[in-house]
Amino acid sequence: MTLRWEPWTPTIGAGHPDPLVDRLTALVGIGRVAVLARAEGSPAPRALVWPESSESVQRVLRVVREAELPWTVVGTPPPFDPPDVAAGVVYVCLERMAGLLAVDETSLVAQFQTGIRWERAEDLLSRRGLTLGPLPGPVRSRTIAESIAENDRLRPSAAYGQLIEAIQGVTAVLPDGERARTVVAPRRATGPELTAAVFGTRHRGALVTEVSLQVWRRTGEATRRACAAADWASAAAFVRSCLCAGIRPAFVLASGRGPVELGFEVTSAAAAEALHRQIQAGGVTPRSRHDVLDALLSADPTEPAWRVIAVVPAARLSEAAVLVPEAICPDLGGPDATLWARRSPEPLVARHLVALGARVPGIPTGFEDLEATFLGHLSRRA
Amino acid sequence: MAYFRPPVPHESPTLSPTGADARSAASARIESLLSELRAALGEDAISTTRPDREAVGRDLWPRLLLESFAGPAEGPAAVVWPRSAAEVSLVVRRCAAHGVPIVPFGAGSGVCGGARAETFGIVLDLKRMKAVRALDPETLTVTVEAGCMGELFERRLERAGLTLGHFPSSIQCSTVGGWVATRSAGQCSTRYGKIEDMVVDLEVVTGDGVVRRTPPAGAPGTDWNGIFVGSEGTLGVITAATLRVHPAPAARRFRGWLAPTTEAGLEIMRRTLQAGHRPAVLRLYDPLDTRMAGQRSDEAAEGESGGGQAARLRAALEGAGDADAPAARALRALLAMPRAVNLAIGALPGQSLLVTVSEGEADEARATDEAIAGFARAVRARDLGEGPGRHWFAHRHDVSYKQSRVYRAGAFVDTFEVATTWARLPALYRAVRRALSNHVLVMAHFSHAYPGGCSIYFTFLGSGADRDAMLERYGRAWKAALDAAAGCDAVLAHHHGVGLSRASHLPRAHGPARRWYTALKATLDPAGILNPGKIYGPDDPTAAPAAGPSPLWGGGGGASPLGGAVPAQRGGGAEK
């Protein structure tokens with residue numbers, strides 16, 4: 001039997017057997033609620049809802065809370081083969097909340113709905129001569145909402161910062177349907193960074209529906225340079241010397257188990273020239289290209305398999321790189337370095353990484369209890 | 001029933017228990033607490049002497065300075081000097097058990113009342129925790145304890161050929177912990193960032209007494225650094241921080257530009273940042289502040305009404321000593337008619353001084369300086385050479401030392417820093433200036449610039465016939481300024497924090513987003529003892545113990561309209 005989502009179209013006098021479906025349809029509009037057609041009697045999700053605005057997300061979450069139903073957020077309707085949708089859940093699908101709402105060309109701040117994918121956002125900006133900066137493969141097909149849900153760190157860039165850090169203000173819907181917003185500003189000192197409490201909570205702290213992002217003017221063609229260092233320590237030292245010299249690459253990537261290959265992307269002729277001088281000055285061997293960097297920064301939809309497997313203190317990077325030789329490192333030069341790989345490390349390797357002082361996703365940080373308590377307090381208050 | 005009156009900016013409310021029985025019970029609990037702490041930490045870790053308590057009883061919030069004219073405040077019940085995170089943990093656990101509030105204290109240079117002590121609480125003075133635990137020139141990080149004084153810390157880095165790049169004007173009288181707790185900014189933030197941009201991880205003692213180390217900046221998952229930075233001691237006691245440092249700059253270039261208008265000066269700043277340059281300092285003065293900074297671009301204008309007023313003001317400020325001095329009388333005379341003086345100053349030629357400092361490696365410093373020059377020439381700004389930049393750099397910490405002269409002259413001075421996007425910046429400047437103009441003399445400069453926006457730093461001076469009149473004028477000025485900034489959708493603090501001075505407006509400014517803080521507070525400080533009443537004011541339900549009214553607060557506590565248990569009654573306006 002083919003399973004599929006069937007948008008519900010109500011007719012006069014004939015309601016859906018599940019009153020929730022009719023109620024949600026009344027809130028968000030005809031054709032924006034679907035149910036899963038599947039074998040009779042088997043557990044199924046309650047509904048899939050496509051809200052189109054923060055207001056409709058508010059309405060949906062209020063109803064869902066009243067009904068005390070579990071809900072989850074998806075970027076696209078969840079697949080059924082294998083049938084991994086959850087029984088009884090209301091899916092809030094953000095694929096119709098994918099608009100560019102406003103652009104402040106003076107401040108270079110663009111407001112997006114969070115159902116948009118980063119590559120689509122970049123496409124819309126590029127038509128105005130603007131850019132988000134480099135988008136490595138793993139982040140391209142993600143939605144902004146997905147990045148916020150994980151507080152992902154998939155765009156380390158000395159020149160542009162993390163994509164998440166480009167967020168200057170948000171609109172969000174709390175679990176009980178109340179809408180919150182933060183003022184759009186580059187920095188503030190009005191207590192803690194409130195969004196820090198909800199970014200990375202997989203939408204449990206709030207569903208962020210709109211963001212205002214710092215964007216940049218396109219300045220011309222990006223330039224790539226490559227070189228090789230004898231080992232991880234000297235690679236890190238070289239990148240650090242570049243940063244200290246005022247060169248802020250849009251992207252740096254390191255890979256290799258013996259000699260470490262370094263790839264740089266810079267976005268101005270001056271930076272390219274400065275980097276060239278730095279490479280020629282010695283300590284590293286010039287290379288003509290860096291294949292991994294090229295693949296990562298090209299529009300390659302097969303790349304998203306890369307993910308963060310550890311954040312390692314820079315001083316222990318050499319030891320960590322030996323443990324995970326297949327890993328690449330996209331942010332050399334700082335106090336901590338991020339290792340990406342296409343699969344999670346084996347448990348034994350993960351424990352060794354932790355022993356080196358690394359933060360490994362999935363390994364307890366000591367803050368799990370606080371996160372659970374925080375979410376409990378947030379959901380209790382209606 | 002609301003148990004607290006909403007705080008207003010011209011009040012400095014306390015959270016004291018009321019009624020003789022409640023006070024007596026609170027005193028008994030504190031005595032019991034202090035006995036335990038003396039036994040655990042030693043006699044020299046605790047003081048209940050009046051000078052010690054007064055010294056840590058408040059920060060430099062001008063409201064409290066004005067109040068202190070009538071005599072020093074009572075201060076906390078005791079001051080405790082821990083030597084380690086373990087001792088902080090012990091103090092927090094014992095205070096939680098006894099329901100005694102704790103106010104963490106660095107050097108007391110805050111200007112928002114964030115370190116205002118509670119009469120029936122203790123102050124945790126962290127200055128004995130001053131060690132630089134680790135300095136790694138390889139990875140360019142330093143781990144330093146919270147009580148380390150800023151100037152000494154920077155000198156230590158300087159000896160290693162490094163810099164934090166964080167130079168608040170209070171650097172000589174502030175601590176690293178204070179910087180982190182208030183999300184402070186230094187004068188070179190345009191290049192090095194604010195303190196939140198420098199934090200790698202933190203050691204924090206949360207309200208349950210657990211010593212925790214936050215995951216490093218850049219790690220996926222919840223950003224605990226972002227939660228504790230700026231929390232003003234309300235979510236945890238910061239005991240140490242690992243920070244990014246930089247090689248000390250090899251070269252530095254100074255410059256001054258006279259922009260034809262303030263808007264033209266802002267254009268130079270905006271274009272510089274959006275082109276990706278990061279000068280250490282971009283500091284634009286509005287017309288009056290340009291005069292006060294000593295830049296007289298147009299001598300003829302001195303004869304005009306506004307120019308004359310500005311010159312008189314400058315002379316009065318420089319000459320003001322004690323209240324009877326002629327300059328002091330002149331200053332008070334000017335400040336007695338703020339609307340008229342502001343109006344006259346508004347007619348000043350709109351030229352604005354832009355001070356720039358570019359630093360780093362020689363190539364970078366030169367490139368940055370030249371880029372600024374290109375943008376400046378595009379708006380027909382006049383090159384004033386190195387002089388203004390060098391002058392500013394040499395005197396960059398002087399301003400704090402001029403303030404006492406104003407108070408001695410029978411007047412007050414305060415500052416208000418806000419931030420917004422570039423597009424909204426001119427409207428914000430006009431709105432706040434207009435709002436303040438009715439009450440006080442106002443000038444401003446623009447600093448701490450980012451690609452997306454900038455902060456405005458308003459300085460205002462006022463006077464009154466007596467202390468009460470000054471307090472009243474001070475409060476009205478603050479309320480007007482906060483209303484105006486909120487009306488422009490600006491953030492109400494860029495780097496001074498909230499404390500008590502802005503707490504009246506934060507609930508409205510944050511709206512439902514405040515619930516994230518409320519849940520954090522209940523999570524991290526379940527006993528409600530950490531710097532209660534700060535940030536959102538004493539009507540914050542989380543200011544009181546979440547589990548129910550502590551005996552400290554006396555009997556009769558109940559549920560607040562927001563669902564939390566609150567003290568039975570607030571102590572009042574603390575007009576002492």
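The values are calculated or read from the model by the stated rules, or taken from the named source; none is laboratory data. It should be emphasised that the depicted structure is a prediction, and the values quoted were computed from it without experimental measurement. Cβ placement follows ideal geometry from the backbone for every residue including glycine, while neighbour counts extend to all protein chains displayed.
Would you kindly identify the strands (runs of 3 or more DSSP E) lying entirely within region A:284-361 that contain at least 2 residues that are surrounded by fewer than 22 Cβ atoms within 10 Å (Cβ to Cβ) and of a type in the set (F, W, Y)? Spell out the reasoning first.
Working: elements: A:285-287, A:307-313, A:336-341.
Result: empty, no element qualifies.
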Checklist outcome for this item: Taking region A:249-299 and keeping only residues that are charged (D, E, K, R) and under 19 Å from A:A229 (Cα atoms), one is left with A:R257, A:E261, A:E265, A:R277, A:R287, A:R289, A:D291, A:D294
Next on the checklist: So for region A:208-222 (the condition being facing chain B (nearest Cβ under 9 Å) and of a type in the set (F, W, Y)), does at least one residue qualify?
Outcome noted: yes
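Kindly establish whether B:V442 is within 14 Å of chain A (Cβ to nearest Cβ) and touching a residue at least 40 places away in the same chain (Cβ under 8 Å). Explain how you work it out, then say what you get.
Details: within 14 Å of chain A (Cβ to nearest Cβ): no; touching a residue at least 40 places away in the same chain (Cβ under 8 Å): yes.
No; evaluated as a whole, the condition is false for this residue.
Quick test for you: out of B:T234, B:T239, pick the one residue that is under 23 Å from the mean Cα position of the chain (by Cα), more than 7 Å from chain A (Cβ to nearest Cβ) and in a loop (DSSP other than H, G, I, E, B).
Values: B:T239 fails: in a loop (DSSP other than H, G, I, E, B).
The unique qualifying residue is B:T234.
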Checklist outcome for this item: Note on B:V204: of the conditions (1) of a type in the set (V, I, T); (2) in contact (Cβ under 8 Å) with a residue 60 or more places away in the chain; (3) buried (at least 23 other Cβ atoms within 10 Å of the Cβ); (4) closer than 26 Å to B:V56 by Cα, unmet is (2)
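Looking at this structure, is B:G487 in contact with a Pro (Cβ under 6 Å, 6 or more places away or on another chain), outside the structural domain of B:D289 (by TED's automatic domain parsing) and over 28 Å from B:S169 (Cα atoms)? Explain how you work it out, then say what you get.
Numbers: in contact with a Pro (Cβ under 6 Å, 6 or more places away or on another chain): no; outside the structural domain of B:D289 (by TED's automatic domain parsing): yes; over 28 Å from B:S169 (Cα atoms): yes.
The answer is no for B:G487.
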Item to check | region B:474-503, subset in contact (Cβ under 8 Å) with a residue 60 or more places away in the chain and surrounded by fewer than 21 Cβ atoms within 10 Å (Cβ to Cβ), residue nearest to the other protein chains (Cβ to nearest Cβ) | outcome: B:D489
Next on the checklist: Of everything in region A:223-254, what is among the β-branched types (V, I, T) and within 12 Å of chain B (Cβ to nearest Cβ)? Give them in sequence order.
Outcome noted: A:V239, A:I247
Item to check | Members of region A:320-340 that are within 14 Å of chain B (Cβ to nearest Cβ) and under 15 Å from A:V360 (Cα atoms) | outcome: A:A320, A:C329, A:D336, A:A337, A:T338, A:L339, A:W340
Checklist outcome for this item: If we ask which residues in region A:255-268 are within 11 Å of another protein chain (Cβ to nearest Cβ) and within 26 Å of the chain's Cα centre (by Cα), their number turns out to be 2
Checklist entry - Taking the stated definitions as given, is B:V281 away from chain A (no Cβ under 12 Å), in contact with a Cys (Cβ under 8 Å, 6 or more places away or on another chain) and in contact (Cβ under 8 Å) with a residue 12 or more places away in the chain? => result yes
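Does region B:130-145 contain any residue that is outside any loop (DSSP other than H, G, I, E, B), more than 14 Å from chain A (Cβ to nearest Cβ), over 28 Å from B:P62 (Cβ atoms) and not charged (D, E, K, R)?
Just the residues of region B:130-145 that are outside any loop (DSSP other than H, G, I, E, B), to begin with: B:132-136, B:141-145.
After this cut, where a residue has to be more than 14 Å from chain A (Cβ to nearest Cβ) as well, the list is B:132-133, B:145.
Add one more test, that the residue is over 28 Å from B:P62 (Cβ atoms), and what stays is B:132-133, B:145.
Then drop every residue that is not not charged (D, E, K, R), which leaves B:132.
Yes, region B:130-145 contains a residue that is outside any loop (DSSP other than H, G, I, E, B), more than 14 Å from chain A (Cβ to nearest Cβ), over 28 Å from B:P62 (Cβ atoms) and not charged (D, E, K, R).
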Next on the checklist: Go through (1) over 25 Å from B:L492 (Cβ atoms); (2) in contact (Cβ under 8 Å) with a residue 40 or more places away in the chain; (3) crowded, with 22+ Cβ neighbours inside 10 Å for A:S147 and report which single condition fails.
Outcome noted: (2)
